[in-house]
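Here, each number is a calculation from the coordinates, and none is a lab measurement. Here the structure is a predicted model, which is why all the values come from computation and not from measurement. Note: ideal-geometry Cβ built from the backbone for every residue, glycine included; neighbour counts use all protein chains shown.
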């Protein structure tokens, strides 16, 4: 069952979401009956449109859970961490409901009912998730994975997936050496190749074989792999396996052939239209909600810097297909920050940042004018972070495949911004590229929505700000 769910990520997410939606909606129903247990007449009076109000309650709480990574496939955390995230999500969801009840009085359910529903819903979701995590941890239900290869490529799996949380979705049975291949794996992890590969796969009940041989030329047991494939065993190359399990593309093993033949990296006209509609709708909604805040930020910059000083800052950035555009931001640095004309990375305690600018950077307020760039079609709401031409020219010569990130429009929010802290060096740029390529290869409207929702956690907890 878990093997099917792991292969069909969208179906798994929908199934998981539907179950939690029903649990949370039932929580409000139960809370209403408990609150008016001894007053049937009053229960009838307040039960109008209860089904609709139940699903509104469930949807808002699920929005809070999603904002804190509750539906992210590649989130690696302990059950204690998951419960802590869920608690914060329920608090945020409860606050959103209170605000919503003032805006839409018809949806109001009463403070007592809301408090009871939040408590019941929290316990129901926590128990469901703990049971699900326990089920995921049952070894007999996990797909059994065999690594073909024992060299440096195979050693990367051993070194980078040491933690149990990194192997939560599968059971690593062991490593099988190929002919004349070096051994870079501890002896206790090795499986002897004393029988043909199909026999070994049947004996160990293998569901998937990951090909991680350093040099494939003349070393792969192709007949054995083909027989395993015909027996229903999935055959996966190392790059695809690592991408699937970690949520990023490993540059160290990336080959042009994988980029050419792998699925993804495609944008149909319908896909482009859907993304553009999402961008325009989200940008207009954010402008509608944030224009008072933007006015206050502009006023704070004017008060600190004085009349005559610019409020907005225009900076050249690289966009889709390498074309440059002028990005708008609220000015957060002194006007003489780069008086010598040399582009510099922002440092952790950059003395060029003003007092208002430091607050704006922490809360991401300085990026709100980029909504205009989204409406102009220079940017998307979600995409790789736009970089300056000077940095791009330098990084493209040092980091392989760096230019691939420019096959999409840059974004206000992004997978790399969620998954990796603020980058201010070439090493950071290389690490973030792994996540950018994963997004470029796998992006879709649902993925964009989840990234945008989870960005709330980044803003609330100042993750990655400088």
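Direction-averaged shadow area of the convex hull around the Cα atoms of the range 142-246, nm²? Present the calculation step by step, with values, prior to reporting the outcome.
Values: hull surface 24.6 nm².
Spelled out: convex hull of the Cα atoms, projected over all directions, averaged, 6.1 nm².
Roughly what would the spin-label model give for residue 33 and residue 80, points 7 Å off Cα along C-beta, in nm?
Placing both labels 7 Å beyond Cα along the Cβ direction yields 3.7 nm.
At residue 161 and residue 252, where each label point lies 7 Å from the Cα along Cα→Cβ, what is the point-to-point distance in nanometres?
According to this spin-label approximation, the distance is 1.4 nm.
Given R₀ = 60 Å, FRET efficiency for residue 293-residue 195 by Cβ-Cβ distance, to 0.05?
Values: r = 67 Å, r/R0 = 1.12.
FRET efficiency, residue 293 to residue 195: 0.35.
Relative contact order for the range 142-246 using alpha-carbon pairs under 8 Å, separation at least 6, rounded to a whole percent? Could you put the intermediate results ahead of the total?
On the way: 163 pairs, mean separation 35.8, N = 105.
Normalised by residue count, the contact order of the range 142-246 is 34 percent.
If contacts are Cα pairs under 8 angstrom and at least 6 residues apart, what is the relative contact order of the chain in percent?
Numbers: 600 pairs, mean separation 57.7, N = 466.
In percent, rounded to a whole number, it is 12.
Note down the nm distance, to one decimal, between modelled labels 7 Å out along Cα→Cβ at residue 376 and at residue 312.
0.7
Counting helices only, and only those DSSP H runs with n ≥ 4, report the 222 nm mean residue ellipticity of the chain as the sum of -39,500 (n - 2.57) divided by its residues, in deg cm²/dmol to the nearest 500. Don't skip to the end; give the middle numbers.
On the way: 18 runs with 250 residues, N = 466.
After summing the helix terms and dividing by residue count, I get -17500 deg cm²/dmol.
By how many nm would the segment from residue 188 to residue 51 lengthen if fully extended, with 0.36 nm per residue of separation less the alpha-carbon distance? Don't jump to the answer; show the numbers that get you there.
Values: separation 137, 0.36 × 137 = 49.32 nm, distance 5.68 nm.
That pair, residue 188 and residue 51, stretches by 43.6 nm at full extension.
Between the range 49-118 and the range 214-286, what's the alpha-carbon centroid distance in Å?
About 34 Å separates the Cα centre of the range 49-118 from the one of the range 214-286.
(1) 1.13; (2) 1.25; (3) 1.18: which one is Cα Rg over 2.2 N^0.38 Å as calculated from this entry?
The calculated read-out lines up with (1).
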